[in-house]
Every structure is written in structure tokens, then in C-alpha cells.
1. Within 23 Å of B:T224 (Cβ to Cβ), among the charged types (D, E, K, R), buried (at least 18 other Cβ atoms within 10 Å of the Cβ) and at the interface with chain B (Cβ under 8 Å from one of its Cβ atoms), is that true of A:E77?
2. Can you find even one residue in the stretch B:439-455 that is at pLDDT below 90, in a loop (DSSP other than H, G, I, E, B) and either of a type outside the set (D, E, K, R) or within 22 Å of B:L326 (Cα to Cα) (or both)?
3. Within the stretch B:404-418, can one find any residue that is without any contact (Cβ under 8 Å) to a residue 12 or more places away in the chain and either under 30 Å from B:L39 (Cα atoms) or not aliphatic (A, V, I, L, M) (or both)?
4. Are there any pairs, at least 6 apart or on different chains, whose C-beta atoms fall under 6 Å, with the first in the stretch A:18-29 and under 15 Å from A:N46 (Cα atoms) and the second part of a helix (DSSP H, G or I) and of a type in the set (F, W, Y), and if so, which?
5. Restricting the search to the stretch B:420-431, which residues are surrounded by fewer than 17 Cβ atoms within 10 Å (Cβ to Cβ) and assigned to a helix (DSSP H, G or I)?
6. So for the stretch A:53-62 (the condition being among the acidic types (D, E) and more than 7 Å from chain B (Cβ to nearest Cβ)), does at least one residue qualify?
7. Please find, within the stretch B:162-193, the residue that is farthest from the other protein chains (Cβ to nearest Cβ) out of those that are within 19 Å of A:R29 (Cβ to Cβ) and in contact (Cβ under 8 Å) with a residue 24 or more places away in the chain.
8. Check whether at least one residue in the stretch B:345-366 is in contact (Cβ under 8 Å) with a residue 40 or more places away in the chain and within 20 Å of the chain's Cα centre (by Cα), and report yes or no.
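The values are calculated or read from the model by the stated rules, or taken from the named source; none is laboratory data. Quick caveat: nothing in here was measured; it's all calculated off a predicted structure. Neighbour counts run over all protein chains shown; Cβ positions are idealised from the backbone, glycine included.
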Amino acid sequence: MSTGIPVQYFLILATIMFFTGVYGFLTRRNLITILMSVELILNSVNINFLAFNRYLYPHKLEGMFFSLFVIAVAAAEAAVAIAIIINIYRRFSTINVEDASEMKY
Amino acid sequence: MSLGTFLIMRHELLLIAAALLVLIAEIFWNEDKRRYISLFSVILFGIITIAGFLPSTAGTLFGGMYVTSATTVLMKNILNIGALLVFIQSVPWLKKKENSEKTSEYFLLLLSTLAGMNYMISAGHFLMFYIGIELATIPIAALAAFDSYKNKSAEAGIKLILSSALSSGILLYGLSMIYGTTGTLYFKEVAELFGNTSLQILGFIFFFAGMAFKISIVPFHLWTADVYEGSPVSVTSYLSVISKGAAVFILIILLFTVFPAIISTWQKTIYVTSVLTMTIGNLFAIRQQNIKRFLAFSSISQAGYILLGFIGGNQLGMASVIYYLLVYIFSNLGAFGVVIAISNATGKENIDDYNGLYHTNPSLSLIMTLALFSLAGIPPVAGFFGKFFLFTAAAEKGYYLLVLIAVLNTIISLYYYLLVVKAMFINKGETPVEKFKSDFFTKLALAICVAGIVVTGFASIIFEAIKNLSFGV
């Protein structure tokens, strides 16, 4: 490919995004921010798929299609998650995970 | 290609049609008729379950994206039987006043998750597999938050959707690596191109971690207990039996057909996770007070035993996993059926509340005892034979130490299962559960479970039939 940016750069970006997402998922206390971290993970997956497809297997479009479906499913997931978060806000008047927790290990 | 070729997708098409019918009935029926929606759905699903047993042909659809064989049909039928029992069990709960408005939603969501699981089991391409797994998990989160007026239910819902989203993210990251190294996502082509490079193994580990979340294998089990406790009991029983069963089925298919090239790697992974899952599941189950949490940890440890069938990669292993899940469906749904009946009648969900149950409700406590004995693996009930085959499959390949650990864990599990039995038969309760009469649906579901526990153990023809349809690496 003659695009100039080597494929490794995309993969490094995706890796950084993935682990930022995992770190955010584990450390953040706000439910919306946790949801955003999950989106970060899914987008890093998309970058991976697209970079592999464009650079290594440009004659087929499997990676492109896969990332399209990942985007669609992530939207569905976010819709259900936000609906439940709204319900949590009604129950607990907060969306902080520490305060909105009744069950203990 | 004629329309008839789509009929090999019969299981999924019927489920989608049934989901639409339930939705249409909800819209067009008036207030009087709506009371019959649950009966309508149960009968509809009963017909689907029977139709699943009709002879079917193997084949592929959509250019190899959808694959069906006698083995996948068997797995779908087992899931159908379990789901039918859950449907029947949940009817009395749905008749309650606060749920009567939402009856059709419940069945719609359950039917769509089941369709997702069937697509997942029949996948021939990782895209189909991913869509199936998401269709199977997203509606379940809505179901876990079904009791929208209860704090715990909302908490269970958010815990389930966030942890399942994280797990699918991890799974997809692994898949992207597998795609990067092989250039394809078809199961057949991936299996041919899979070598032993470190990037592929890393991708597999990510993939396995994502699947382990769904089956709740230690150390990816932390969501299980809270979600099981917070969800409505019928949804908990569905989660612990059908969801877990479907994930186990697809994992064993994937390990045996897509990843045979790295068998020595996944055998080590399964060895460690199996020991951890059995031990930690059992140790935490001992200290539980809530019966749903107790059954959650018991189901975690059961997943550890099931992994024993994976490890050899042999035909007997696969047969024993399928057989064990069939037995597990009957035993666990028997136990949950009793929990649901008591929870519906009194709202009590603690093990202490079961004190003296035998004196007030002898038949319920006998069924519970039988189900717990089957889960623990005491002969002559079916659970014993299930565990026996699993252990044999692992021992056949020389994993004697693992089998020893599993047997020791079975003894630990016997202790806490008997704690519940002791509570029911020996302990004197200050405020025992009052005597109550169950309705027709509860009785029907419990009778099927008891018959299943007894018959699957003694009818050797069932295991022979399953074994003929299984395959090794």
C-alpha cells in the first residue's frame, strides 16, 4: 500500500485504545463513563479489523463488514444499557456504582 | 436454490415466527384475551419443541455462514427442552398483578435470546457467531432488569449488560488478531490456516477469556452471583441453565473444530481454569445464605466439572458434556422450580427459610432433595452417571490428578448440598413456610424434571444416541 502510514501504527493505536478502555472500565465509578470505556474497546477492535483488512487482505471485505456489524450491535447494547441506567437513576437517584449497590460479596 | 432449502434453518425460523405471533397477539387481543398470552406462548413453544425433533437434513446456508448437522440439531433440541421447562415454570409468576402487563414482553425476549443461541450454535463464520452471541445476551440483560420496581433487579441488569459488553469486547479483540493472522473468518478456513504463532495464541487467549465470561468460569465469574441474586427467579433459572448450556455447546464445537491446531495450549488453559472453577465455586457456595446465590455458586462449580469433558478432546468427552448438560438442565430446573414455587407463594429466598419445609410441604422438599442429589452426583440419580462419564473422559486421556481434584470437590459439594437438605428435613423452623398448593404449571414442570432426572440416568439409549452424534478433535 502506498498510503504512507505503516500498519503497525494502527495496531499500536488500537492496543492503546483497548487497554485504556479496560482500565477505564475497571477504575471509573460513573456508569456512563463505564459504558464509554466499553465503546472505546469496541472501537479499538474496529480499528484492528479495518487496518488488517486494508493492509493485509485488501481483495476481500470481511473485516469491513465485521466492523459495520460491531458498530450496529454496540448501538443496540448501548440502548439497553442506557435504559437500565435510567431505571437505576430512578431507583437509587444516582448513577455512581458505589452508591447504587445493594448486594455484597 | 429454492425456498425449501431454508427449512434446514427450521429451529430459528420457528422461534422468530413464534416471537412475532406473541407480539401480534399482544397488539390485537383485548384485555380479556390477554390473560391467555402465557398459555398461548407455552403451547406455541411446546409445538416448536416437538417440531425440533422431526428428522432434519444436514447442510449449509448463506455460503457457509450457517451450518447445521445432526449434532447441532441435538444441542438445539436439548436447549428447547430446557427453555420449555423455564416457560412452564414462569407462568405462575407472570400471572401476578405487577407482571400481567409485561407477559408478552417476557416471552418475546426469551424467544429472541433462544433464536440467538441457535444461530450461535449453527454458526459457520465468526460474524454469525458474534451476532448470535449478542442476540443471546442483550435481551437477557433486559430480562434481568425485568422487576423494574426492585432495586436489586436494576442492579443485576446493569451488571449483566456491562460485564457481557466487556466480555464481547475482549472476545472481539481476540477475533481481530485471529483475522489478522489468517485473513478469513470462516470456521473451516481458520482451522486450516491456524498455526502455532504467538499472535494467534494471544488471540485465542483473548477469545477464550471472552467465552469464559459467558460460561462464568473462574476468574471471570464475578458477575454471576450478583446477577443471579438480583434477577427474577425464572430469569435466574434461564441464565444458569440455557445461557450457560448454549455457551458450553458453542465453546466445545469451536475448540474441537476451529482450534485443534493448538490443542496442547487450550488443554493447559482448561486444566487450570477447571481446577480453579470447581474449587472456588464450591468454597464460596458453602458460605451463602441466599438460595439463589447458593445455586449461582453451585452452577459455577458445575461449569468446572463440565470442563473436564473438554480436556481430552475425545469423542467420549463431547458426548459426556452434552449428556451432562441434559442431566444438569433437569436437575437445576428441578431445584429452581422449587425455589420459584416457594418464592411465588411466600417471597422467601433464604436457606434459613427452608427450615422445617418437610413438615409443611413434603412433596416439594422431596423434589428439592432429589434435584440436589442429582447435582451432587449421588447414585442412582442421573447426575451420578453424568459426572461418571465426564470423569471417565478425562481419565481416558490420563488426567488422573485432575480427576482426583474433581472427586474431592464433589465431596465438598456434597457437604453444602446436604446443608439445604438438613435445613428442610431436620432443622426446626420458628416460622416455617406455610403449607400451600401449587398450581398446575408448577406441578407439570416439576413432574417433567423429576421424570427427567430419573429417566436420563437409567435409559442408556440416551447416552448411546448422544455418543453416536459426537465427535473428537
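1. yes
2. no
3. Checked against the condition, which is being without any contact (Cβ under 8 Å) to a residue 12 or more places away in the chain and either under 30 Å from B:L39 (Cα atoms) or not aliphatic (A, V, I, L, M) (or both), the stretch B:404-418 yields no hits at all.
4. A:F18/B:Y173
5. B:K422, the sole residue that qualifies.
6. no
7. Per the criteria, the residue is B:S163.
8. No: the stretch B:345-366 contains no residue that is in contact (Cβ under 8 Å) with a residue 40 or more places away in the chain and within 20 Å of the chain's Cα centre (by Cα).
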